[in-house]
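What follows is one structure encoded as structure tokens, with my remarks underneath.
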């Protein structure tokens, strides 16, 4: 389908030909936030043929607008740039939740030329609409300069508003899906990965070891006497202890390492492409940071930590091996007389719960 001319009747005819059904289906079919925005931008280009158009998303706390998708000659310069709250025509649209046509920016005090200077671009006219759903503005679609130099029309503003309504619903849906994925990935108390997700990472690393002969290491940490902390100080303090341990672990390992809450008071760290040396070094940093925290803490936090390296010979038993290492560490600190049989009882429970 060819784009419209600038005659109003041609625009009306263009949008009458099942246009809104088509764009609605296309936007709804997108399965990601980026995909949704790309569909919106594509259809805007078909209808309006502007020199430059952009989709900005709004930070709900700061009110800043960020250029997430930009099409036109200024795309490379503007993508990722931010507008302070209320800045420019787009900022006004976001703050007021209203669509707007500015036929000549030189006569409108709301226009801010800072992005023109960044992009070496001259804005002459603007049409913009807010992305709104349930009274919440979370973005702005802004079109700059029609290719033929004519002004944007009220009909085009109405059409763009309808497109924005489609987009707002789809983008909010994408936000919800992303939030649901985060809930599925993360432990709500510590904000670490949960057991299910780290198990997937372990499976991936196992496959790499078998296929390519790589290696990885695992660190398993248990908070000692955690039940006693809950019984003595209450569950609120117990939750604080778990969050503290989570933060100490994250501070002590590399950003590329996978940190997860593995059980009630157990934490697992997967160190990819790393041997036992890296795991032991991480263990030492955790214990050092924990000791520093305990200087002024009440209750004190004590942990047992096991480490083990996975290779092609032991990769299928790595969780069993690191669990044994962790309980040997616990036995050394808490009860040197503890029998190894007692430790294996817990190990059986650990392995069954992983199935």
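Every number in this text was worked out from the coordinates using simple rules, so none of it is lab data. Worth saying up front: this structure is predicted, and the values here are computed from it rather than measured. Glycine also receives a Cβ, built like all others from the backbone with ideal geometry; neighbour counts cover every protein chain displayed.
Given contacts defined as C-alpha pairs under 8 Å and at least six residues apart, what's the relative contact order of the range 195-354, whole-number percent?
30
Over the range 150-285, consider all pairs of different Cα atoms and compute the Kirkwood hydrodynamic radius from their mean reciprocal separation; express it in Å, one decimal.
Kirkwood radius, the range 150-285: 18.2 Å.
If r is the Cβ-Cβ distance from residue 311 to residue 240 and R0 is 35 Å, what FRET efficiency results, to the nearest 0.05?
That gives a FRET efficiency of 0.40.
Using Cα pairs under 8 angstrom and six or more residues apart, how large is the relative contact order of the range 172-283, in percent?
It rounds to 35 percent for the range 172-283.
7 Å from Cα along Cα→Cβ at both residue 225 and residue 76: what's the point-to-point distance in nm?
6.3
How do 131, 155 line up, fewest other C-beta atoms within 10 Å first?
155, 131
First check a/c for the range 65-104, with a ≥ b ≥ c the square roots of the eigenvalues of its C-alpha gyration tensor; if it is under 1.5, answer rounded, and if not, answer prolate when a/b is larger than b/c or oblate otherwise.
Oblate is the answer for the range 65-104, as a/c is 1.5 or above yet b/c matches or exceeds a/b.
Largest first and to the nearest Å, give the Cα extent of the range 195-354 along each principal axis.
Projected onto the principal axes, the Cα atoms of the range 195-354 cover 49, 36, 26 Å.
Tell me the relative contact order for the range 71-176 as a rounded percent, counting alpha carbon contacts under 8 Å between residues six or more apart.
25
Just want the ordering: 216, 152, from fewest to most Cβ atoms lying within 10 Å of their own Cβ.
Sorted ascending by nearby Cβ count, the order is 152, 216.
Give, in nm to one decimal, the length gained when the segment between residue 328 and residue 135 is fully stretched (0.36 nm per residue of separation minus the Cα-Cα distance).
Computed gain between residue 328 and residue 135 is 63.7 nm.
Could you list 171, 101, 210 in order of exposure, starting from the residue whose Cβ has the fewest other Cβ atoms within 10 Å?
210, 101, 171
Mind giving me the FRET efficiency for residue 96 and residue 189? R0 is 56 Å, r the Cβ-Cβ distance, nearest 0.05 is fine.
0.90
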